[in-house]
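Just so you know, all these numbers are worked out from the coordinates, no wet-lab data involved. Just so we're clear, the structure is a prediction, and the values are computed from it rather than from any experiment. Cβ coordinates were reconstructed from backbone atoms using ideal geometry, including for glycine residues, and neighbour counts include every protein chain displayed.
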Amino acid sequence: MNNFTFYVDNNCSRCKKVQQFITENNLSINTINIDEEDYDLPFPIMIIPALVDGEKLLAYGPDITPYLSKLIR
């Protein structure tokens with residue numbers, strides 16, 4: 001999972017829930033706060049949080065935790 005990037009912003013309650021899931025499951029996922037860091041994507045992010053692998057959007061919003069749950073089973 002080390003190619004995944006998790007995009008968050010400062011005012012996102014869902015982001016905090018997903019980050020807690022990532023931490024509790026010891027997942028190694030790069031996190032970028034779009035309010036505080038420069039980022040470069042081949043597509044605009046319309047919904048936060050977003051989980052990306054390279055140039056592919058994997059999941060966003062409430063779909064991230066179920067997506068990651070499937071991968072760690």
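For Thr23, only one of the following conditions fails: (1) surrounded by fewer than 11 Cβ atoms within 10 Å (Cβ to Cβ); (2) more than 20 Å from Ser69 (Cβ to Cβ). What is its number?
Result: Thr23 fails condition (2) only.
What's the number of the condition Lys16 fails, among (1) free of Cβ contacts under 8 Å to residues at least 12 places away in the same chain; (2) touching a helix residue (DSSP H, G or I) at 6+ places or on another chain (Cβ under 6 Å)?
Of (1) free of Cβ contacts under 8 Å to residues at least 12 places away in the same chain; (2) touching a helix residue (DSSP H, G or I) at 6+ places or on another chain (Cβ under 6 Å), only one is false for Lys16: (2).
State whether the residues of segment 15-33 include one that is of a type in the set (A, V, I, L, M, F, W, C) and in contact with a Leu (Cβ under 6 Å, 6 or more places away or on another chain). Full working, then the answer.
Taking segment 15-33 first, the residues of a type in the set (A, V, I, L, M, F, W, C) are 15, 18, 21-22, 27, 29, 32.
Subset that is in contact with a Leu (Cβ under 6 Å, 6 or more places away or on another chain): none.
No - not one qualifying residue is present in segment 15-33.
Please count how many residues of segment 8-58 are outside any loop (DSSP other than H, G, I, E, B) and not aliphatic (A, V, I, L, M).
Filtering segment 8-58 for residues outside any loop (DSSP other than H, G, I, E, B) gives 8, 13-24, 30-33, 50-53, 56-58.
Filter again for not aliphatic (A, V, I, L, M), leaving 13-17, 19-21, 23-24, 30-31, 33, 53, 56.
Residues flagged as outside any loop (DSSP other than H, G, I, E, B) and not aliphatic (A, V, I, L, M) within segment 8-58 amount to 15.
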